[in-house]
Amino acid sequence: MILGGGPPMYVALLAFFIVGTACTQLGYARKARAGLAQEKGGRRGAGHAFANVGVAAICSIAVWRGLGLVPLFMGITSLATAAADTAGSEIGQLIGKRAFNPLTFRRVERGTDGAMSIEGTLAGAIGAVIVAIAGTAMAVHHLRPGFIGMVTIDKARVISVVTIAAVLGSYVESVVGSLTKNVNNHVMNFLNTAVGAILFWVAWNFIPMFGFEF
């Protein structure tokens, strides 16, 4: 992934790892007592890792194959989406006062498939912003004139699009989770990162206020 996406993707991946680890470990004992904590002390296996970074890896390959810079930002968005999902779930389960169904907005028990909370949603947005800022800032530095060509990137606009797409991708996962039962969590994680990346592509190509030129 790093060979294709370079430093921007690596920094975004590192930011996701830090955000995800911090949110998972925060209040772990309390979440464990409530039966809401990740198994094995919060350690993730290979399947979980691929579910969260698989889309970013695919986007990195696209960049490596010379398909332009949009796949780079799609990959960063997928990692921001993973951060939004992890932070939203972990913080929501820890301090969320009212869990609700993402479609009906009716109150449900914490831990219910697809359940959301205001606290978790805000935490997810913050997690997404952190990854968006980290990845975009490194991209702007890494893509300086003379490295890959004359590239002008509006950082604020990119960060906004990445964050919005990431939060919406996480929301889509909650909606799907509330409508389906017993779907493998790895599948859901891969789904939300893919949705986040696709939403970035759609916004950048079809919404004029978000688009940019290379």
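Before moving on, here are some points about what is shown:
- If the condition is being in contact with a helix residue (DSSP H, G or I) (Cβ under 7 Å, 6 or more places away or on another chain) and either exposed (fewer than 15 other Cβ atoms within 10 Å of the Cβ) or not hydroxyl-bearing (Ser, Thr, Tyr) (or both), then the stretch 168-182 contributes Leu168, Gly169, Val172, Glu173, Val176, Gly177.
- Taking the conditions (1) outside any helix (DSSP H, G or I); (2) hydrophobic (A, V, I, L, M, F, W, C); (3) crowded, with 24+ Cβ neighbours inside 10 Å in turn, Cys59 satisfies each one other than (1).
- Residue match in the stretch 139-154 (condition: surrounded by fewer than 18 Cβ atoms within 10 Å (Cβ to Cβ), modelled with pLDDT of 85 or more and over 12 Å from the mean Cα position of the chain (by Cα)): no
- Within the stretch 39-54, the presence of a residue that is assigned to a helix (DSSP H, G or I), surrounded by 22 or more Cβ atoms within 10 Å (Cβ to Cβ), at pLDDT below 90 and not hydrophobic (A, V, I, L, M, F, W, C) is excluded.
- On the stretch given as the stretch 72-106, residues that are within 16 Å of Ile164 (Cβ to Cβ) and either without any contact (Cβ under 8 Å) to a residue 60 or more places away in the chain or among the charged types (D, E, K, R) (or both) total 1.
The values are calculated or read from the model by the stated rules, or taken from the named source; none is laboratory data. Source: prediction; values computed, not measured. Because the Cβ atoms are built from the backbone with ideal geometry, glycine has one as well, and the counts that use them run over all protein chains shown.
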